[in-house]
Amino acid sequence: MKCVTVYTNDFEKFSDIFEQILISEISESEDTEVEGVTVGLVTDIPEEYIEQMRIKPEVVVMRDKKRNIMILQHGKIFEIFIPTV
């Protein structure tokens, strides 16, 4: 599972760049910008992390069932969890 972290708390901005983020080539451990928003990638996320975050009351959980993508929003970030093959 890989995680793309989007450093914004603006849901509208996140929604505007979501599809672009999914098709962007983002290097691991090297932040990049997508339409003025900082984005980073980590490719080795343990399942335990996702489960721990999902149960916190301050975390919003969203899913894209078609693509099996989970999005967590907390603080000033969105985390997009994408299954790896």
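Tabulated data
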| item | result |
| --- | --- |
| Unique residue being more than 21 Å from Glu12 (Cβ to Cβ), in contact (Cβ under 8 Å) with a residue 12 or more places away in the chain and not aromatic (Phe, Trp, Tyr) when the list is Ile50, Ile55 | Ile50 |
| Residues (under 16 Å from Ile82 (Cβ atoms), surrounded by 11 or more Cβ atoms within 10 Å (Cβ to Cβ) and not hydroxyl-bearing (Ser, Thr, Tyr)) located in the stretch 11-35 | Phe14, Ile17, Phe18, Gln20, Ile21, Leu22, Ile26, Val34 |
| Residues of the stretch 62-79 classified as surrounded by 10 or more Cβ atoms within 10 Å (Cβ to Cβ), in contact (Cβ under 8 Å) with a residue 12 or more places away in the chain and under 13 Å from Phe11 (Cα atoms), total | 7 |
| Residue satisfying condition, being open to solvent by less than 70 Å² (accessible area, probe 1.4 Å), assigned to a loop (DSSP other than H, G, I, E, B) and among the β-branched types (Val, Ile, Thr), within set Thr8, Thr38 | Thr8 |
| Test: Thr38 is in contact with a Ser or Thr (Cβ under 9 Å, 6 or more places away or on another chain), hydroxyl-bearing (Ser, Thr, Tyr) and at pLDDT 95 or above | yes |
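The values are calculated or read from the model by the stated rules, or taken from the named source; none is laboratory data. Note that the structure is predicted; figures quoted are calculated from it, not measured. Note that each Cβ is placed from the backbone with ideal geometry, even for glycine, and that neighbours are counted across all protein chains shown. Just the protein is used for accessible areas: all its heavy atoms, side chains included, with ligands, DNA and RNA removed. Shrake-Rupley method; radii C 1.70, N 1.55, O 1.52, S 1.80 Å.
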